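Peer 1: The structure under discussion is supplied below as structure tokens; questions concerning it will follow.
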Amino acid sequence: MILDIRYLFLRLGQAVLVLLLAFTAAFVLLSLVPGDGVTARFADPALGLSADQIAEIRTQTGADESWITRYLLTLTGFLTGDFGFSVQTGAAVSTIIAAALPSTAELAVSGFVSALVLAVLIAVLATYGPYSWLRKLLDSVPSLFISIPVFWLGILLIQIFSFQFGLVSVVSPSPAEALVLPTLTVAVPLSAPIAQVLIRSITDVRASGFVKVTSAKGASELWILVHAVARNAILPGLTIIGLVFGELVAGAVVTETVFGRNGIGQVTAQAVTHRDNPILLAVVVIATLAYVVINLVVDLLYPVIDVRLRSQPRVSSVGGKAADEPTRRALSTTAASVGVDLDWDTSGASTTKGRDS
């Protein structure tokens, strides 16, 4: 069985708990900030509202309720898909998020895919490059990429590719053209930790005994990379991909602000400026949900990629034969390639012996 059902339900329960804790932490922190959005929005003398009118608005919006009452009301609303209303504009938060989400999703997907391609390219050339100086140079590139601030990189790309060379227009660009520089801005720092992990992982796998045996049998470097190294080196890469998703969200928010894209980043920046807590809370929960889903998918992919992580079926007592016969054959074949014979007893246990013994 590839996936243990109990493990699946355990991970789903942990995901729900993380979402609840993130919602609670965000709500408490926003509530502890002095002042509130209603006061910031309607107490402006230029609006000419009296104290009674402001008090009535606070009553209607629930700003004067106790924090536990507001917490329960807000949590109930989130569970039913009602994120409340923006303090600044009065529009439904769900409407605002739905209008901004496609642009951010487009940037996140393009940046994520570009980061993966860039990371894999750097890792392969840093370990299989034809020249030692090239391998050393590319091995140090991730450290450089990871130290570059996102906002500074965005401004630098605009200066070089738009103002200096005129390759990409930032004034009334086409939809595809408007995505080029933001995608690079997100992809470059995001690719750094992925490339670092892949370089170390590929180096360790190449030093493994089964790779040396395969190479001694005459297999080409390309065949070894595709069929032996890549499959075993990808697991640490999957782990770091799940972990850097938070950086992807943060990078997308900053990048949208730098390039003036109408997405979640712009919405978040405006909500921070105007103390629009309902929008901020919705953004935190949506970002946490995306992070949890990505990490859940990564965890569930582990046993699909690595057979050693799959749940093993119980040994059958009928005729003394084990139920995982395909696994036995695979292990026996692998052991035989390095000169080890596996003897299986009727209980499903194995003993090893060298061929020279």
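The values are calculated or read from the model by the stated rules, or taken from the named source; none is laboratory data. Only a predicted model underlies this, so the values are computations on that prediction, with no experimental measurement involved. Cβ placement follows ideal geometry from the backbone for every residue including glycine, while neighbour counts extend to all protein chains displayed. These accessible areas exclude ligands, DNA and RNA; they are computed on the full protein's heavy atoms, side chains included. Shrake-Rupley method; radii C 1.70, N 1.55, O 1.52, S 1.80 Å.
Peer 1: I'm checking my understanding of the structure. Among residues of the stretch 259-282 that are open to solvent by 50 Å² or more (accessible area, probe 1.4 Å) and either without any contact (Cβ under 8 Å) to a residue 12 or more places away in the chain or hydrophobic (A, V, I, L, M, F, W, C) (or both), which one is nearest to Ala25 (Cα to Cα)?
Peer 2: Val272
Peer 1: List the number of the failed condition for Leu144; all other conditions in (1) crowded, with 18+ Cβ neighbours inside 10 Å; (2) in a helix (DSSP H, G or I) hold.
Peer 2: Of the numbered conditions (1) crowded, with 18+ Cβ neighbours inside 10 Å; (2) in a helix (DSSP H, G or I), the odd one out for Leu144 is (1).
Peer 1: Asn262 versus (1) at pLDDT 70 or above; (2) part of a helix (DSSP H, G or I); (3) out of contact with any Lys or Arg (no Cβ under 9 Å at 6 or more places or on another chain); (4) among the polar types (S, T, N, Q): which is the lone unmet condition?
Peer 2: (2)
Peer 1: Right, Gly251: under 18 Å from the mean Cα position of the chain (by Cα), of a type outside the set (Val, Ile, Thr) and crowded, with 22+ Cβ neighbours inside 10 Å or not?
Peer 2: Spelling it out, Gly251 is indeed under 18 Å from the mean Cα position of the chain (by Cα), of a type outside the set (Val, Ile, Thr) and crowded, with 22+ Cβ neighbours inside 10 Å.
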